[in-house]
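The values are calculated or read from the model by the stated rules, or taken from the named source; none is laboratory data. For clarity, every value in this text was computed on a predicted model and none was experimentally measured. Reconstructed Cβ throughout: ideal geometry from the backbone, glycine too, with neighbour counts over all protein chains shown. Heavy atoms of the whole protein, side chains included, go into the accessibility calculation; ligands, DNA and RNA do not. Shrake-Rupley method; radii C 1.70, N 1.55, O 1.52, S 1.80 Å.
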Amino acid sequence: MLSNYTKEFPYTLRLAAPVILGMLGHTFVGLIDNIMVGQLGTAELAAVSLGNSFMFIAMSLGIGFSTAITPLVAEAAGASNFTDGKAALKHGLFLCTTLGIVLFLGVLAAKPLMYFMQQPAEVVQLAIPYLQLVAFSLIPLIIFQALKQFADGMSMTRAPMYATLVANIINVVINYLLIFGKFGFPAMGMIGAAVGTLVSRVVMVIFLWVVLQRNEVSKAYVSTIRFFVLEKMMLKKILKLGFPSALQMLFEVGVFTSAVWLSGILGKNPQAANQIALNLAAMTFMVGMGLSVAAMVRVGNQKGLKHYTELRRIALSIFLLTLVIEICFAICFVLFHEMLPTMYLDTSDVTNAIDNREVLSIASKLLLIAAIFQISDGIQVVVLGALRGLQDVTKPTIITFIAYWIIGFPISYYLGLHTPYKNEGIWIGLLAGLTTSAILLYSRFTYLSKQMIQQE
């Protein structure tokens, strides 16, 4: 009966809502940066897009790796095993901090690649100084992700949400002061946006750490942590889960980043339009990400309890809820595809009127394609969360690679650069990759969950 699945909707939404708001908070930082920088011109907006494309690749590795902490903590919490839960936090935090430093250095080393990517020269010149500063924010961001994944695994999803909301307020204020030079502050343009991002991410870490230390449930986990007394077994366990999870996210984020670079070959206006559509699609994707965390936690809990029939029923209910929500988003994108992009540019700017009209025209068409892949994107990320809850990460990694890079990217490349479809062709490739991923990952979950039920 349908009610067997829909009755789970309220609890899933209560669990996922703070995660969704927190994830939206992360994306809102980018949204505010894009809207404010977009007032400076299309070249500046394209430069933020190019600089952030490097950041997205690094962030995907860090955030993807940190997701290994959640299923381990959720399983330990389900089995009332405090020792394993604390060990997962400590080792995960150590590894994420190390990875954050490595990724920061990697982004700095990769800056010269911009000159060899056939990107518009004025865009590259603007992007380099922006990237130099914003890259440092990778370290606090990935430390925050480790703490967030622990909190999610403990079903304490509100704490990261509050940390993100506070950080967003700080980011908006600093952006306003430093991008435009208000109240006596210097007008730093794009660099002001980078400063806002860095400061807000440092605040996120401090805020969440303080909250976890004061909470009755979590303070025992975060107190007296001996960071340099590490166990080889737990390090291996997190690496075994974290590395494939990082690759999964890298493959998806990487193909979207390739869309930024391919659109840059087409010119600054196509790249700016791509950034607008990508930013709007990312906002709705965060809802899927929140439901993915809920799926990971709930499946991980049921795995710890060895209730496999319930595990499958709960997972299917989350998939159904995701389908309903994503259809609603698709309808909104279709209805408002011309209006939404106007948030990003100064439509009264006479000097840049021709550029702005071209950007808005391209972005509105891309949103129609984004409307279609809302469903595929939401389903694939939520099913991936359920598979992580099962601690099944290796074969899903292979699936995501095939879907995005064997199927999706070649279509994007050919249609985008060798046919009249251009930007729309790039996004048709994204749609093909996401749809393939959704179908194959769902098939994988169906196979594993039925196999587990047979062993009950």
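Key figures
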read-out	value
Gly378 small (Gly, Ala, Ser), buried (at least 24 other Cβ atoms within 10 Å of the Cβ), in contact with an Asp or Glu (Cβ under 8 Å, 6 or more places away or on another chain) and within 19 Å of Met289 (Cβ to Cβ)	yes
Selected residue (criterion: least open to solvent (accessible area, probe 1.4 Å)) from residues of segment 59-105 that are closer than 13 Å to Asn301 by Cα and among the hydroxyl-bearing types (Ser, Thr, Tyr)	Thr70
Tally, over segment 390-445, of residues that are closer than 30 Å to Lys237 by Cα and in a loop (DSSP other than H, G, I, E, B)	4
Test set (1) open to solvent by less than 40 Å² (accessible area, probe 1.4 Å); (2) touching a Ser or Thr at 6+ places or on another chain (Cβ under 7 Å) - Asn279 fails condition number	(2)
One residue from Ala163, Ala146 being under 16 Å from the mean Cα position of the chain (by Cα), within 27 Å of Gly290 (Cβ to Cβ) and either among the small types (Gly, Ala, Ser) or modelled with pLDDT of 85 or more (or both)	Ala146
Selected residue [more than 24 Å from Leu13 (Cα to Cα) and in a helix (DSSP H, G or I)] from Ile372, Ile354, Ile325	Ile354
Residue, most open to solvent (accessible area, probe 1.4 Å), within segment 335-351, restricted to residues that are touching a residue at least 60 places away in the same chain (Cβ under 8 Å) and in contact with a Leu (Cβ under 8 Å, 6 or more places away or on another chain)	Leu340
Options Thr224, Thr197: the member that is in contact with a helix residue (DSSP H, G or I) (Cβ under 9 Å, 6 or more places away or on another chain), at pLDDT below 90 and of a type in the set (Ser, Thr, Tyr)	Thr197
Test for Gly25: is it within 26 Å of Val293 (Cα to Cα) and more than 22 Å from the chain's Cα centre (by Cα)	no
Pairs with Cβ under 7 Å, 6+ apart, first in segment 3-18 and buried (at least 17 other Cβ atoms within 10 Å of the Cβ), second of a type in the set (S, T, N, Q) and in a helix (DSSP H, G or I)	Tyr5/Ser317; Glu8/Ser317; Thr12/Ser317
Only listed residue being open to solvent by less than 10 Å² (accessible area, probe 1.4 Å), in contact with a Phe, Trp or Tyr (Cβ under 7 Å, 6 or more places away or on another chain) and either at pLDDT below 95 or part of a helix (DSSP H, G or I) (or both), chosen from Leu316, Leu387, Leu311	Leu387
Filter result for Lys395 (more than 17 Å from the chain's Cα centre (by Cα), basic (Lys, Arg) and either surrounded by fewer than 17 Cβ atoms within 10 Å (Cβ to Cβ) or within 26 Å of Ile325 (Cβ to Cβ) (or both))	yes
Selection from segment 398-456 of residues that are of a type in the set (Gly, Ala, Ser) and crowded, with 22+ Cβ neighbours inside 10 Å	Ala403, Gly408, Ser412, Gly416, Gly429, Gly433, Ser437, Ala438
Pair list, Cβ < 7 Å and 6+ apart or interchain, from segment 71-86 residues that are under 18 Å from Leu239 (Cβ atoms) to residues that are of a type in the set (Asp, Glu)	Ala76/Asp84
